[in-house]
Amino acid sequence: MRKYLYFIIGIAFTIYGCTKDSFLNREPLDAINDATFFSKVSDFKSYATGLASSYTQIGARWGRGANTDDLLAANPSGNLMLRNNAGLAPNTSAVWNDRYTFIRNANFLINNVDRLADRTAAANHYIGEAYYTRAYSYFVLLQEFGGVPIITKSLNTTDPELYTERSGRFDVAKLILADLDSAIKNLDWKGVGEAVPGRLNKESALTMKTRVALFEGTWERYHGKAGTPFAVQGKDGSDFLQECVNAGNLLIDKQGVGIYKTGSEAYKDLFTQDNYANVAGAFLYIVYDRGLSKTQDWNGAGIEGFGLGATQEMVDQYLMKDGAPQEISSLAYERGNLRSTGANKDPRFRQTIWDANSRTFFDYFGANQPAGHQYHAPFPGFKTAQQRQPITTGWRIIKGIPLDPAEWRNGQADEIILRYAEALLNYIEAKAILNQATQADIDKTINLIRSRINMANMNLATVNSWNYTYQKKFGYDPTEPKIVNEIRRERRVELAFEGLRDMDLQRWAIKAEVYNSQKPEGAKIDQFLKFWNNVDSLNYYGFNEATPANVRLIIGTDIDSFATGFINPFFRNADFRAASGLGYYIDPARDYLSGIPRQEVELYKTKANIVLTQNPGWN
């Protein structure tokens, strides 16, 4: 559908209220009376509510991090299997169409602010939500396509401004930051005024500003250094990086050391809260409520496996408890072993990835859980007779899974979208790249984050003294100072599976070095064969619903490994065979951006004789 052809408002599912009450009796927003609408604050509230679906990703908890070097689905990602891609741009793009629809909807509110005679604080908050909506939508377009046409008016199909040339990515990024500044100015702080649970707040906009500014600053820096076709001529990223630092300073001045630290497993528990209204550092989140028939099933899907597994590489990147990489730590470590790996790792490891020392799911749920043999096993399954949704790597995700019988099939634990830890990591990365980072900066960012799980502090001098080689294939940059690379590691661990890894590799201009020829590994295979092919171990764990013959793992049919003994997750795919497979491939001269939809190129040319230039490598 052509952007702007129809005026569609997506009714948001966001819910707010101190007691999870429904916050709005909405009338259809596509039936707005232009002559009278936007004359009352309630009109702005109603309209802004309809914009919320543009910046919340409902139901995407696990999919956000899938198909990267951190997390694998059942099959290789098509986005990383592009060896024979001819570079023909897609005819249409849902990202293009949907985002311009959201932009038009935001423009409609922004362009009508003068209709309101009394600009109260409440009205300003909803205006801020519209600016955030437009900023976020342009940021999605920037990541997908680079520079795009900029439209800041709510246009009709006959308006000549409807068709305009692509702006450069620098100008798009500047518009995004300007819109976020407007959002920051207008939005209330969390818990104040209109910034009630489930709605945007000033902290969210500041966090997003650090994300955008870091993204574009590092894009300019690293694509420029690498001389890629996506470099921004004459720019080194320093201005955007300073914008990230400035926004981070504002947020830190407000939030300080306010971060969730409750309990012995504060990191894991952070992601399973029923209500984030009073949870420090949780800024934007989606509210679920059984009373309003708005629930999720992270509990059930997580227990059943949801088909995703962490890579062995991801496991290896966790530091040891002493704060050093496993390669140079004095602490004991056995690579790929579900029983021993987590013993001396960063405590976040066992609060993110299930290991065989954890209790079985049946231990958590017992009689309150529906009968099912997979719930008794401490080891993940690789076939449906073992686990309803088999995983690929042996490393199962526990992060974000509320181990609470009440959550089974009818969960109301809320979902974090933006949080303080990300802003702190954005901030310290920008400072380190600008050569501004001090030990005091690390203490108020990384060490604050680590303090919630009693992880060893990061010491700037110690990190810089390590005899350790950083490799590009793991997402590091050997030309950067060690502290910059350790910040990369820190965000990979702290933000694991939250959907930021691909964005990071994209902005660091290192996707080809990470993925090309890569054949991901899982855990050590022998431990799974020993468990699933041993009748005594199955009986010990009460695994009585299937006969041993049904459960038994057959090498080459159910599971396989590389010569090293580590699981080959994609052994069924010829491209990942141990000896002959070529592995992943992306074109470094093309696959950092998507092609501009051919339908849009033709439409702009036909309607207005405007040339939408195509992205590098696409035709």
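Structure notes:
- Ordering of 609-619, 410-420 by burial proxy (mean other Cβ atoms within 10 Å per residue, highest first): 410-420, 609-619
- Applying the Karplus relation 6.51 cos²θ - 1.76 cosθ + 1.60 with θ = phi - 60° to segment 400-406 yields 3J(HN,Hα) values of x, 9, x, 7, 9, x, 5 Hz, where x marks Gly and Pro.
- The C-alpha atoms of the chain define a longest principal axis, and helix 169-186 lies at about 80 degrees to it.
- Principal-axis tilt of helix 202-226 within the chain, Cα atoms, nearest 10 degrees: 80 degrees
- Normalised by residue count, segment 89-151 yields a Cα convex hull volume of 75 Å³ per residue.
- Ignoring aspartates and glutamates fewer than eight residues from K321 along the same chain, the ones with Cα atoms less than 14 angstrom from its Cα are D346, E490.
- At q = 0.15 Å⁻¹ the log10 of I(q)/I(0) for segment 254-348 amounts to -0.87, computed by Debye summation with a single uniform scatterer per C-alpha, solvent ignored.
- DSSP beta bridge pairing in the chain, given as percent antiparallel to the nearest 5: 90 percent
- Other residues with beta-carbon under 11 Å from the beta-carbon of L582 carry, at +1 per Lys or Arg and -1 per Asp or Glu, a net charge of +2.
- Seen against the Cα atoms of the chain and their longest principal axis, helix 482-494 is set at about 90 degrees.
- Projected-area mean, segment 66-173, by convex hull of Cα positions, square nanometres: 10.5 nm²
- By the helix-only formula, in which each DSSP H run with n ≥ 4 contributes -39500 (n - 2.57) and the sum is divided by residues, the chain has a 222 nm mean residue ellipticity of -10500 deg cm²/dmol.
- Measuring against 22 Å, Cα to Cα, the residue pairs K190/K254; K261/K472; K153/K235; K345/K399; K444/K472 contain K261/K472; K153/K235; K444/K472 as the ones spanning a longer distance.
- Lysines with Cα under 16 Å of K294, excluding same-chain neighbours fewer than 8 positions away: K20
- Take the Cα radius of gyration of the chain and divide it by 2.2 N^0.38 Å, N being the number of residues; the result is 0.98.
- In Å², nearest 10: area of T564 left accessible to a 1.4 Å probe: 80 Å²
- All aspartates and glutamates inside 20 Å of K530 as judged from Cα atoms, apart from same-chain residues fewer than 8 positions distant: E334, D355, E521, E545, D558, D560
The values are calculated or read from the model by the stated rules, or taken from the named source; none is laboratory data. Since this is a predicted model, take the numbers as computed values, not measurements. As a convention, Cβ positions derive from the backbone with ideal geometry for all residues, glycine included, and neighbour counts pool all protein chains shown. Just the protein is used for accessible areas: all its heavy atoms, side chains included, with ligands, DNA and RNA removed. Shrake-Rupley method; radii C 1.70, N 1.55, O 1.52, S 1.80 Å.
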